[in-house]
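Everything below concerns the one structure shown next.
The values are calculated or read from the model by the stated rules, or taken from the named source; none is laboratory data. On a predicted model such as this, the values are computed, not experimentally measured, just so you know. Cβ sites come from the backbone with ideal geometry, for glycine too, and all protein chains shown count toward neighbours. Heads up: the accessible areas ignore ligands, DNA and RNA and are worked out on the full protein's heavy atoms, side chains in. Shrake-Rupley method; radii C 1.70, N 1.55, O 1.52, S 1.80 Å.
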Amino acid sequence: MSTLRRRLAAAACVAGLVVAASPAFADGSRAPADPAFLSECGSCHVPYPARLLSAGAWRTVMNNLDRHFGTDASIDAATARSITVYLEANAGTGGKVSTDPRLVRVTESPRFVHKHREIAAATWQSPKVQGAANCGACHAGAQDGRFGDHDVRIPR
Ligand code: HEC
Ligand code: HEC
């Protein structure tokens, strides 16, 4: 584990405990985000909101952590199981997510597209945003799994 990743993981871990202890629900879903999910899945990128992908898509991600977008994101089996349970319980349902289990890009999720439909192309491309995948540019609480309406600010 690199020093940076360890530091990020430690920060996410502390944040995870704070989130878990507070009554506010991370990512606006009904359940508080799982601390293991926040630390393990928030160490290389922000912990993406569970409801942006279907349960099937999350299973695809969790079953292929050793071949994770060109990197190895493997974790021990017990932790992987508990994270999978959390993601499946909080996954998106209905027309807001694709039912195709191969659609594992959160930025291509119909729900993501719908929620961001008013953002102009020029905003996505601005130097302060640098693309839709850079969630933290606008969602101040992204690293802690918070994506609620009141935590959003588009940098100008
Ligand atoms: C070792 C680093 C690392 C860890 C740990 C990691 N990921 Fe990733 N993840 C990546 C990389 C690299 C990408 C690809 C980024 C890109 O293509 O822009 C990615 C992409 C993703 C995507 C697609 C995002 C998108 O819309 O483009 C999802 C979903 C995802 N990860 C979920 C997870 C989950 C769930 C976990 C925890 C079990 C996890 N990741 C842990 C490195 C990691
Ligand atoms: C350019 C700024 C920007 C970036 C980058 C961005 N978002 Fe957003 N996001 C917004 C705005 C603005 C809203 C709409 C808030 C509202 O409904 O008033 C929003 C809404 C959302 C919502 C819905 C919140 C809710 O509770 O209804 C989710 C979930 C979300 N974003 C996730 C993400 C994720 C995940 C990423 C990165 C993959 C991301 N966003 C990247 C600006 C951004």
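So in region 102-155, with the set limited to residues that are under 26 Å from M62 (Cα atoms) and of a type in the set (S, T, Y), which one is surrounded by the most Cβ atoms within 10 Å (Cβ to Cβ)?
Top of the filtered list is S109.
In region 78-92, how many residues are surrounded by 15 or more Cβ atoms within 10 Å (Cβ to Cβ), under 15 Å from the mean Cα position of the chain (by Cα) and hydrophobic (A, V, I, L, M, F, W, C)?
Number satisfying all stated conditions: 3.
Among (1) within 16 Å of Y48 (Cα to Cα); (2) modelled with pLDDT under 95, there is one condition L87 misses while meeting the rest; what is its number?
(2)
I'm checking my understanding of the structure. Among residues of region 119-138 that are of a type outside the set (F, W, Y), without any contact (Cβ under 8 Å) to a residue 24 or more places away in the chain and closer than 20 Å to Y48 by Cβ, which one is nearest to ligand 2 (Cβ to nearest atom)?
Kept after step one, since they are of a type outside the set (F, W, Y), are these residues of region 119-138: 119-123, 125-138.
Add one more test, that the residue is without any contact (Cβ under 8 Å) to a residue 24 or more places away in the chain, and what stays is 120-122, 125, 127, 130-131, 134, 137-138.
With closer than 20 Å to Y48 by Cβ added as a condition, the list becomes 130-131, 134, 137-138.
Values: Q130: 8, G131: 7, N134: 5, A137: 5, C138: 3 Å.
The qualifying residue nearest to ligand 2 (Cβ to nearest atom) is C138.
What's the number of the condition T99 fails, among (1) touching a residue at least 40 places away in the same chain (Cβ under 8 Å); (2) open to solvent by 100 Å² or more (accessible area, probe 1.4 Å); (3) not in a loop (DSSP other than H, G, I, E, B)?
With respect to (1) touching a residue at least 40 places away in the same chain (Cβ under 8 Å); (2) open to solvent by 100 Å² or more (accessible area, probe 1.4 Å); (3) not in a loop (DSSP other than H, G, I, E, B), T99 is out only on (3).
Please state which one of G42, G56 is within 11 Å of ligand 1 (Cβ to nearest atom) and at pLDDT 95 or above. Steps first, answer last, please.
Details: G56 fails: within 11 Å of ligand 1 (Cβ to nearest atom).
From the options G42, G56, the qualifying one is G42.
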